[in-house]
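Contents: one structure, followed by commentary.
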Amino acid sequence: MTSPTDLKIKKESPIYYKDTLFLVGLGLLLLCAAALLIPERSNDRNIFRPVMSNYILGIYVTMVGYGIALVSKYKFRLGRIPQEYIFLWASIATISCFALNIDIRVFEELEDWAGYYTFGAVVSCILYAFRSLLPKSIQYILYACMGAGSLMFFYFAFYLLPFYPMSLAGFWVMGLSLHTFVPLGLSLQVFLVGYKAYKNNQKGLAYTMAGGFVLPFVVFIVFVSMFAMKYSQIAKISNQQFVKNTLEPKDDKPIWIKIAQRLNNDWFTEQALKKDFFFVRQDWGRGFSLDFSDGFERKHNPILVILDLITTKHALDEHESRKILEAIHDKRHHTEQRLWTGENLYTNQIVTQVELYPEYRLAYTEKTFQIENRLEDNFRSSTEEALYTFYLPEGGVVTSLSLWINGKEEKGYLTSKSKADSAYKAIVGVEVRDPALVHWQEGNSVTVRVFPCTPEQKRQFKIGVTAPLKKTDKGLVYQSLYFKGTKLNDTQEFIRIINGKNFVQNASFLKSEGQNLEYEGDFKGFWELEIPEKPLKATQFVFNGKSYELSPYQTQFVKQTITDVYLDINALWTEKEYEAILEGTKGKRVFVLNPNPIQITSQNAESIFESLQKDKFSMFAFHKLPHTENVLVIGKSGVISPNINDVKKDEFGKNLKEFLGDLKQPIRYWNLDTELTPYLKTLKELRVLVIEQNDLNGFIKQLKNEEVAQYQENEQTVVLENAQMKITEKNADTTQKVVSDAPDHLLRLFAYNDLMRKIGKDFFIEKHIKEDLLKQAQTAYIVSPLSSLIVLETQEDYKRFDIQKSKNSLENASLKNAGAVPEPHEWALIIILVLSVWFFYRKGFKL
């Protein structure tokens with residue numbers, strides 16, 4: 001039986017969806033939506049091009065034309081136009097607003113959640129015309145969605161409030177400025193729907209709509225409250241550290257590090273730190289903040305915009321916020337200095353080719369990237385810079401770089417880091433031409449820059465990395481190159497493991513293609529391959545009168561009396577580990593740094609642990625050690641820390657560099673964790689720390705036996721601990737012919753790790769750029785703290801910046817056994833050749 005309420009709904013809901021004008025409007029709405037989602041792409045991207053591109057003009061004309069048709073149908077009596085038609089026209093107008101915003105930026109791209117929320121709000125208004133077809137329960141859901149959507153309409157109306165006077169004054173320019181009032185109109189129309197439902201005794205629907213409005217508003221209040229609490233926490237920690245610094249002036253750690261150590265690594269902390277410079281917000285009374293000088297992709301977040309109005313800035317300045325983001329939220333790639341923005345760049349395709357050498361426990365990986373600029377804004381400059389950060393396996397090194405210029409692969413030249421940097425900045429910052437650059441970074445990472453990236457042409461570059469294979473109890477492990485870079489939306493990847501069928505065990509996502517293993521599909525991200533262990537091959541690689549060969553590495557223990565033990569305590573430590581270490585170090589002096597050395601006693605042991613365990617990560621001040629002889633530091637690293645470069649201008653960095661510059665022998669550090677922070681990775685690579693990794697019981701046993709791992713590196717030998725092998729350099733035997741069938745990667749790995757050892761402590765006193773060390777890097781063609789790979793557009797550019805091709809060097813590494821993937825035109829030639837042979841064969845011709 002039909003209820004009176006249902007009859008009222010049907011009576012007041014004419015079948016608009018069967019009306020021709022309504023159907024035409026619905027069709028126009030879909031066309032406009034398609035035009036917005038698949039915008040016209042013109043080759044003319046000059047910033048002086050007129051703002052009104054064709055597709056925006058089309059949407060605008062559609063909106064105006066349909067509005068005129070509605071007004072004409074109802075004889076210019078605006079009050080008689082049904083709300084269903086108004087919602088339909090307002091939806092087209094909303095699309096027109098977002099289309100116009102592409103070229104005339106009023107706000108940046110919405111955060112994903114806000115975009116979906118706005119889309120749902122508009123759809124609910126359109127579905128209002130079809131409510132008579134819906135079951136009663138669905139009608140309630142529809143009204144709730146309309147109520148929730150009206151909150152977003154009210155937000156946009158409020159956000160655009162400062163523009164109302166200007167919009168009224170300038171409406172005569174094609175009426176463009178009247179777009180400003182569309183959200184306000186939608187808000188009022190939704191309110192009228194609820195009001196009418198209430199007046200028509202459909203109070204259930206009216207209350208449901210009100211509830212739909214209130215629920216997200218309550219959620220917003222909760223979010224604001226939690227952000228306010230986070231702001232209060234940051235202010236409290238900042239004040240505490242300021243007081244502590246004042247009372248303890250001997251603590252040279254920058255205050256932002258101390259604050260970062262006490263902040264939780266959660267989403268609210270990250271958003272609070274980014275709010276004042278990451279999210280685009282309106283500066284009420286002075287316009288909009290649109291500074292895109294760094295690598296952050298700006299987003300418009302309504303919650304944070306409102307929060308910005310009702311709260312003050314938190315206690316940290318922008319520099320401190322950025323440093324904390326880099327340290328605890330892995331945002332270093334995004335804060336890397338840029339000469340040009342890269343916000344519209346996407347990684348379109350990736351080709352990964354891997355050559356495995358299980359008998360040498362190493363691999364060479366080449367990754368080729370195709371970059372696409374998908375800029376849709378014709379008002380702003382279309383020239384952008386691509387930035388990628390690659391995180392290399394321990395002991396790995398970049399050994400090749402290529403950039404495609406005018407369709408041709410141009411290989412990189414190895415030169416000093418300073419020359420490469422000067423050339424890149426001059427060409428990119430002033431001349432706006434084609435370079436690519438690879439720089440070494442702390443923590444086993446490198447950055448790659450490619451310029452220019454424009455909408456007219458996709459850019460392509462290739463990077464090659466030589467790295468050891470990790471040895472485990474189950475065999476060898478190949479780890480793919482993890483990287484961060486341009487957006488990875490819809491990225492496709494082709495992976496080829498050359499001759500992988502002979503080596504790889506767990507190739508579930510790979511398929512056999514002859515002797516190779518291949519994958520083609522969506523981007524895979526990080527992945528690993530298990531490879532059966534093989535005995536190390538004894539063959540040598542010979543070059544420039546030197547030979548390089550492998551031998552197994554095994555940890556050998558030697559007796560050493562440890563007198564002083566320093567504990568590097570943080571939140572990763574458990575009370576059980578702390579107590580076990582104290583028990584195992586009985587008879588030795590045990591200290592912590594807080595901030596200066598404090599000896600642990602039975603009276604203060606508990607309070608010291610409780611205090612230091614509050615730190616979320618460690619950055620041990622090695623320069624506070626009174627001496628390093630017979631000293632051991634025990635810590636639990638984790639993966640979070642600042643880099644040394646982050647503190648080089650602070651007292652902490654200056655004191656650390658001075659201390660390590662005078663260091664006579666490496667400091668021993670025992671790590672209870674399996675990971676290392678960027679800070680410790682760099683110190684380990686430079687051989688100023690000898691880091692042992694073991695479990696708690698293993699270290700306790702070593703303490704009781706007074707055993708430490710023997711240091712086995714010297715002028716002729718480097719140790720690749722993760723691969724459990726050594727590479728030794730010897731003078732080649734010139735009296736007899738030496739078979740040199742080992743890969744040249746042996747020399748490259750030896751040179752990089754030997755170079756890092758030689759740079760060592762000099763890295764901290766800025767004396768590491770020496771001609772003999774640079775020559776060693778150029779011979780092996782490796783990227784290091786003092787050498788970079790660069791590709792310039794012409795030979796004249798290399799001459800101008802005094803960048804010469806390295807003589808008597810290995811040059812860029814390459815795949816030795818890779819069968820090239822034929823290009824389309826090569827396939828065509830192959831097919832023509834096969835058909836020709838078949839034709840002559842059928843005709844009986846003899847070649």
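The values are calculated or read from the model by the stated rules, or taken from the named source; none is laboratory data. Quantities reported herein were computed from a predicted structural model and do not represent experimental measurements. Don't worry about glycine lacking a Cβ; one is built from the backbone with ideal geometry, like all the others, and counts go over all protein chains shown. Heads up: the accessible areas ignore ligands, DNA and RNA and are worked out on the full protein's heavy atoms, side chains in. Shrake-Rupley method; radii C 1.70, N 1.55, O 1.52, S 1.80 Å.
Values for this structure:
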item: Some residue of region 623-634 being among the hydroxyl-bearing types (Ser, Thr, Tyr), open to solvent by less than 50 Å² (accessible area, probe 1.4 Å) and not in a helix (DSSP H, G or I); result: yes
item: Extreme residue, most open to solvent (accessible area, probe 1.4 Å), among residues of region 657-677 that are closer than 27 Å to Gln710 by Cβ and assigned to a helix (DSSP H, G or I); result: Phe659
item: Qualifying residue in region 690-698 (condition: of a type in the set (A, V, I, L, M, F, W, C), assigned to a helix (DSSP H, G or I) and free of Cβ contacts under 8 Å to residues at least 60 places away in the same chain); result: no
item: Counted residues, region 735-758 - those being modelled with pLDDT under 70 and either part of a helix (DSSP H, G or I) or not hydrophobic (A, V, I, L, M, F, W, C) (or both); result: 3
item: Members of region 639-652 that are closer than 17 Å to Leu672 by Cα and open to solvent by 10 Å² or more (accessible area, probe 1.4 Å); result: Val639, Ile640
item: Residues being aliphatic (A, V, I, L, M), part of a loop (DSSP other than H, G, I, E, B) and buried (at least 16 other Cβ atoms within 10 Å of the Cβ) - total across region 525-561; result: 1
item: Any pair with Cβ under 6 angstrom, 6 or more apart, that starts in region 650-663 at a residue that is under 12 Å from Ala621 (Cβ atoms) and ends at one that is outside any helix (DSSP H, G or I) and open to solvent by 40 Å² or more (accessible area, probe 1.4 Å); result: Phe652/Lys253
item: Residues being under 20 Å from the mean Cα position of the chain (by Cα) and farther than 14 Å from Gln353 by Cα - total across region 486-522; result: 8
item: Check on Met146, at pLDDT 90 or above, within 19 Å of Leu29 (Cβ to Cβ) and under 43 Å from the mean Cα position of the chain (by Cα); result: yes
item: Candidate set: region 515-524, residues that are more than 17 Å from Ala363 (Cα to Cα) and either open to solvent by less than 80 Å² (accessible area, probe 1.4 Å) or among the aromatic types (Phe, Trp, Tyr) (or both); chosen: the one modelled with the lowest pLDDT; result: Lys524
item: Among the residues listed as Lys546, Lys559, Lys576, Lys537, the single one being under 30 Å from Ser740 (Cβ atoms), basic (Lys, Arg) and out of contact with any helix residue (DSSP H, G or I) (no Cβ under 7 Å at 6 or more places or on another chain); result: Lys546
item: Qualifying residue in region 710-717 (condition: more than 30 Å from Leu550 (Cβ to Cβ) and surrounded by fewer than 18 Cβ atoms within 10 Å (Cβ to Cβ)); result: no
item: Residue in region 19-34 that is at pLDDT 70 or above and charged (D, E, K, R) present; result: yes
item: Residue check, Ser551 in contact (Cβ under 8 Å) with a residue 40 or more places away in the chain, outside the structural domain of His745 (by the TED database) and closer than 22 Å to Val397 by Cα; result: yes
item: Members of region 770-800 that are β-branched (Val, Ile, Thr) and farther than 18 Å from Arg757 by Cβ; result: Ile790, Val791, Thr794
item: Members of region 579-588 that are touching a helix residue (DSSP H, G or I) at 6+ places or on another chain (Cβ under 9 Å) and not in a helix (DSSP H, G or I); result: Thr585, Lys588
item: One residue from Leu612, Leu567, Leu582, Leu593 being out of contact with any Lys or Arg (no Cβ under 9 Å at 6 or more places or on another chain), of a type outside the set (S, T, N, Q) and open to solvent by 20 Å² or more (accessible area, probe 1.4 Å); result: Leu582
item: Pair list, Cβ under 8 Å, 6 or more apart: region 117-135 residue assigned by the TED database to the domain that holds Phe22 and modelled with pLDDT under 90, other residue among the acidic types (Asp, Glu) and buried (at least 16 other Cβ atoms within 10 Å of the Cβ); result: Ala129/Glu84
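Residues checked against (1) open to solvent by 10 Å² or more (accessible area, probe 1.4 Å); (2) under 30 Å from Gln505 (Cα atoms); (3) without any contact (Cβ under 8 Å) to a residue 12 or more places away in the chain:
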residue	(1), (2), (3)
Glu336	yes, no, no
Leu345	no, no, no
Gln353	yes, yes, no
Phe369	no, yes, no
Pro393	yes, yes, no
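A quick yes/no check of all residues on (1) surrounded by fewer than 21 Cβ atoms within 10 Å (Cβ to Cβ); (2) under 16 Å from Ala420 (Cβ atoms); (3) among the small types (Gly, Ala, Ser):
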{"site": "Ala751", "(1), (2), (3)": "no, no, yes"}
{"site": "Val791", "(1), (2), (3)": "no, yes, no"}
{"site": "Glu796", "(1), (2), (3)": "yes, no, no"}
{"site": "Lys805", "(1), (2), (3)": "yes, yes, no"}
